[in-house]
Amino acid sequence: MNYKWLNKSGNNKLIVFFNGWGMDDKVVSHLKFNDFDVLMFYDYLNTQIPDFDFSKYDYKVLIAWSMGVYVCNIFYDKLKDFNKFIAINGTQKPIDDNYGIPQLVYNLTVENFNEQSSEKFMKKITTEIDLRKYTGRSTEELKQELISIRDLKIEKYLNFNKAIISTKDRIMPYKNQIRFWQKMGVETVEIQAPHYIFNFYKSWDELI
């Protein structure tokens, strides 16, 4: 797992962002920080937990997108005391017939993953921009990240406050997201957008 400070300016408010599979900071590079420091985690080829102390921040928000909604739970002990938890087009059961991507679909995606299928997958995330330029990793590395996420074992789950769900999501089925978050009693906000939503926002605090 990699991390990158997108903004570290000594603010007393923090956003920790867990990115989606295969992405890097370019997917959110246009978002203004305003009065937030922003720390991003990405590239889930391994799930070793870096050591961070967030205690100096007075207000802390977790924002997780797609597979990041699942992966972030391995940081449970470091994130559990955050003030707010926001999920974007993801669930805590991301490979599930009722609450995420159907298991057969996910497994077939892994088995048949190649350069051509990677391109098709990226186009399903959004047709407005070319997401392939947002990762410098090889097709094999992207495939291995899918496997790493599938093999991840979660023991404790964070309590999310809000889930932003795209009605046109072609990756994480819209109805499965609704079903999961309503079961969890979490506030849902529906938007007319594909799986990638960040081009609809100008700053991080708009997501909060």
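The values are calculated or read from the model by the stated rules, or taken from the named source; none is laboratory data. Everything quoted here is computed from the prediction, not taken from an experiment. Cβ placement follows ideal geometry from the backbone for every residue including glycine, while neighbour counts extend to all protein chains displayed.
Brief remarks follow.
- Counting only residues that are in contact with a Ser or Thr (Cβ under 6 Å, 6 or more places away or on another chain) and within 28 Å of Phe36 (Cα to Cα), region 161-176 holds 2 of them.
- Within region 1-30, the residues that satisfy the criterion of being among the hydrophobic types (A, V, I, L, M, F, W, C), buried (at least 21 other Cβ atoms within 10 Å of the Cβ) and touching a helix residue (DSSP H, G or I) at 6+ places or on another chain (Cβ under 9 Å) are Ile15, Val16, Phe17, Phe18, Trp21, Met23, Val27, Val28.
- Number of residues in region 86-98 that are assigned to a strand (DSSP E or B) and surrounded by fewer than 24 Cβ atoms within 10 Å (Cβ to Cβ) equals 2.
- Spans of helices (runs of 4 or more DSSP H) in region 99-208 with at least 1 residues within 17 Å of the chain's Cα centre (by Cα) and modelled with pLDDT under 95: 115-125, 139-151
- Restricted to region 40-54, and to residues there that are out of contact with any Ser or Thr (no Cβ under 6 Å at 6 or more places or on another chain) and not hydrophobic (A, V, I, L, M, F, W, C), the residue that is nearest to Arg137 (Cα to Cα) is Asp43.
- Residue that is surrounded by the fewest Cβ atoms within 10 Å (Cβ to Cβ), among those in region 53-85 that are of a type in the set (Phe, Trp, Tyr) and within 15 Å of the chain's Cα centre (by Cα): Phe75
- Selection of strands (runs of 3 or more DSSP E) fully inside region 1-73 by the criterion of at least 2 residues being in contact with a strand residue (DSSP E or B) (Cβ under 6 Å, 6 or more places away or on another chain), more than 18 Å from Phe85 (Cβ to Cβ) and not basic (Lys, Arg) returns 2-7.
- Residue count, region 18-37 (criterion: small (Gly, Ala, Ser), closer than 12 Å to Glu145 by Cβ and out of contact with any Lys or Arg (no Cβ under 9 Å at 6 or more places or on another chain)): 1
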